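Remarks on the structure that follows.
The values are calculated or read from the model by the stated rules, or taken from the named source; none is laboratory data. All figures in this text were calculated on a predicted structure; none of them were measured in a lab. Glycine also receives a Cβ, built like all others from the backbone with ideal geometry; neighbour counts cover every protein chain displayed.
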Amino acid sequence: MNNFQFLQKYLDLQNGVVYDQLTATKFAKLGYCQDDSSPFWNLALVNNPLTEDQLIEIENYFRLLDRKSTVYFESRENLKTLVNFLEQHGYEKTNEDSWMFYENTVPVQINSVSVKKIKTKEELKIFLQVFDACYQKNDPQNPYGELGDYLKKKNR
């Protein structure tokens, strides 16, 4: 399985979870989320440079769904022309995912325990300070944002 096939399978696994609709064309897999208009959940996954007509088809698809056109692709040498093509058509890079693809190697296995249970209020305070320092709102490299509403609990 190559990296693009992996990304396609990842989208397929998210179908019905995040994506309400996945549409395959000859040049892209288009993902749409009805409840969230963010570019993370409304995108065209492509594996090759696009033609003018293909880009227009992507734009028309998302325009009908009241979404911005977002093109998602692997950072590869042979797709550098796609970057230039998209920039010439008014697109700009907003995010980059960090996938760890292992080419013909086995990932290093870590034998130590890397999860620590928080046992005290002081440890929780330290964890939240570190988390807030790492996950900042409006950081284009961080699609997860900040804890915010996750910390709120209902009064019973």
Residue check for E103: of a type in the set (D, E, K, R) and touching a residue at least 40 places away in the same chain (Cβ under 8 Å): no
Set T105, T70: member being out of contact with any Gly (no Cβ under 8 Å at 6 or more places or on another chain) and modelled with pLDDT of 90 or more: T70
Flag if I56 is in a helix (DSSP H, G or I) and either at pLDDT below 85 or closer than 22 Å to Q21 by Cα (or both): yes
Residue that is nearest to the chain's Cα centre (by Cα), among those in region 1-28 that are farther than 17 Å from L86 by Cβ and in a strand (DSSP E or B): Y19
Selection within region 12-40 - hydroxyl-bearing (S, T, Y) and crowded, with 16+ Cβ neighbours inside 10 Å: Y19, Y32
Hits in region 1-17 (condition: free of Cβ contacts under 8 Å to residues at least 24 places away in the same chain and touching a strand residue (DSSP E or B) at 6+ places or on another chain (Cβ under 8 Å)): D12, Q14, N15
